[in-house]
Amino acid sequence: MMQAARMKPGLYIALAGAMLLAACASSPPPPMAVVEITDKICDAEPDLLTPQALAPEKPKKLSDEIYQFKNDTPCFTKGGLSTNYMVFSLPSQTENLALTIGGLKAQHRTLAADIAILNEEGEITRRFDREKYMDIGSVFGVQFRPRDGEAFVLVTTDPERVGEAVVSHETRLLQSQGYTGTGGSYTTFSGAESLSSRTFSHEGMLRIRVQALKGKIGDPNA
C-alpha cells in the first residue's frame with residue numbers, strides 16, 4: 001500500500017507563505033478617484049420616478065445603508081457638467097427623523113456627495129452650502145432633519161469638488177494582549193499616526209443613516 005508523503009514543517013510554512021503572497025498579489029488595488037465622466041451618455045435632468053426607499057422593510061429605530069456610485073450609475077448634466085446621481089424617497093413621519101448622508105472615506109477617494117432635498121413635486125426645497133459639509137465619523141457629508149412637505153433626497157456628485165485632494169493626519173488606537181509568567185494577562189494601548197490623502201470622486205460609496213428620534217422609522221404611531 002502506498003503511503004502519502006509527509007511534508008516537512010519548514011516546507012509547509014514556505015508553501016503557505018507563497019500562497020498568501022500570491023493571494024495578495026492577485027487582489028485588486030483599492031480604487032482611485034474618478035474625476036471625469038466621459039464614457040457614458042447623460043440625461044438632461046434626473047429621473048425622479050423610481051426613487052430608492054429609505055424606509056426599512058420593517059419599522060426599526062435605526063437604518064444604516066451603503067450605496068455604490070459606479071460606472072453604470074445614472075448621470076445627468078447640470079451647468080454644462082456631468083454628474084452621477086441617485087434619488088431616494090423619505091420615510092413617512094419625516095419630522096421624527098434625523099439623517100446623516102455623505103461619501104464614505106475610502107483609502108484613496110471619497111465620493112463627492114452633493115445633497116438636495118425635494119418636495120413631492122420634485123422641486124428643490126433645500127441645498128447645503130459647502131461649509132455645511134464636514135467629517136462625520138466615516139463619511140464626509142451633512143446631518144439634517146427633514147421638514148414637513150419634503151419627500152425626496154437627490155444625491156449628486158459635485159463637479160466643483162471632484163478632483164480636490166484632502167491630506168490629513170489620522171490617529172488609530174492599537175490594543176495588544178500580553179501574558180505574565182504567572183498565568184495572568186494584561187492589555188496595553190498605543191497610538192499610531194498616519195498621513196492619508198483622499199481625492200473627491202464621481203464614484204465611490206454613499207452612506208445614509210436614518211434614525212428615529214422617538215419610536216421607530218416607518219411607525220405611524222411614532
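The values are calculated or read from the model by the stated rules, or taken from the named source; none is laboratory data. Source: prediction; values computed, not measured. Virtual Cβ from ideal backbone geometry, glycine too; neighbours counted across all protein chains shown. Side chains included, ligands, DNA and RNA excluded: accessible areas come from the protein's heavy atoms. Shrake-Rupley method; radii C 1.70, N 1.55, O 1.52, S 1.80 Å.
Residues that are surrounded by 13 or more Cβ atoms within 10 Å (Cβ to Cβ) and under 19 Å from the mean Cα position of the chain (by Cα) were ranked within segment 53-67; the one that is farthest from residue 216 (Cα to Cα) is 67. For residue 131, the stated conditions hold: it is acidic (Asp, Glu) and either closer than 27 Å to residue 38 by Cβ or not in a loop (DSSP other than H, G, I, E, B) (or both). Summed over segment 88-100, residues that are open to solvent by 10 Å² or more (accessible area, probe 1.4 Å) and either of a type outside the set (Asp, Glu) or under 19 Å from the mean Cα position of the chain (by Cα) (or both) total 8. Of 57, 121, 36, 45, all but one fail to be closer than 18 Å to residue 200 by Cα, acidic (Asp, Glu) and assigned to a loop (DSSP other than H, G, I, E, B); the exception is 36. Within segment 19-54, restricting attention to residues that are β-branched (Val, Ile, Thr) and out of contact with any Ser or Thr (no Cβ under 6 Å at 6 or more places or on another chain), the residue that is modelled with the lowest pLDDT is 38. The residue pairs whose first member lies in segment 140-168 and is within 20 Å of residue 91 (Cα to Cα) and open to solvent by 70 Å² or more (accessible area, probe 1.4 Å), whose second member is modelled with pLDDT under 95 and of a type in the set (D, E, K, R), and whose beta carbons are closer than 8 Å, counting only pairs six or more residues apart or on different chains, are 145/95; 147/95; 148/95. For segment 197-216, taking the residues that are of a type in the set (A, V, I, L, M) and within 13 Å of the chain's Cα centre (by Cα), the one that is nearest to residue 153 (Cα to Cα) is identified as 208. When segment 101-126 is filtered for residues that are hydroxyl-bearing (Ser, Thr, Tyr) and surrounded by fewer than 20 Cβ atoms within 10 Å (Cβ to Cβ), only 125 remains.
Would you say residue 65 is among the acidic types (Asp, Glu) and modelled with pLDDT under 95?
For residue 65, the condition - among the acidic types (Asp, Glu) and modelled with pLDDT under 95 - is not met.
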